[in-house]
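See structure below.
The values are calculated or read from the model by the stated rules, or taken from the named source; none is laboratory data. Given the structure is predicted, the values throughout are model-derived calculations rather than measurements. Glycine also receives a Cβ, built like all others from the backbone with ideal geometry; neighbour counts cover every protein chain displayed.
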């Protein structure tokens, strides 16, 4: 299983254990390629969002701002920001599914 850290980098599950040399390297390379492709697809999904949704998603996920801070910066209610983030994550999940990537919601919640 792979996880995303705070910088969006992948880490292998520590409890997985070692199977030895070359096989681990192949798994690691395959996992890195898959994560790069997934990041590319997420970027494509975000690029297709309406401007306000894209802006709010970027403020949350790329700049690390919380919902109240985003709401204050944009002059919106916190509920509007929250609802917009829900729609952005839904857009990303649907885009990934259309491109054969089904990933848990938790992977989309990295900061």
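The combined condition, being under 18 Å from residue 96 (Cβ atoms), without any contact (Cβ under 8 Å) to a residue 40 or more places away in the chain, under 15 Å from the mean Cα position of the chain (by Cα) and loosely packed, with under 14 Cβ neighbours inside 10 Å, is fulfilled by residue 43.
Just to verify a result, which residue in the range 92-101, among those that are assigned to a loop (DSSP other than H, G, I, E, B) and at negative phi, is surrounded by the fewest Cβ atoms within 10 Å (Cβ to Cβ)? Here the answer is 99. Picking from residues in the range 25-37 that are in contact with a strand residue (DSSP E or B) (Cβ under 9 Å, 6 or more places away or on another chain) and either surrounded by 13 or more Cβ atoms within 10 Å (Cβ to Cβ) or not in a helix (DSSP H, G or I) (or both), the one that is modelled with the lowest pLDDT is 27. If the condition is being outside any helix (DSSP H, G or I), exposed (fewer than 13 other Cβ atoms within 10 Å of the Cβ) and more than 17 Å from the chain's Cα centre (by Cα), then the range 49-91 contributes 50, 75, 77.
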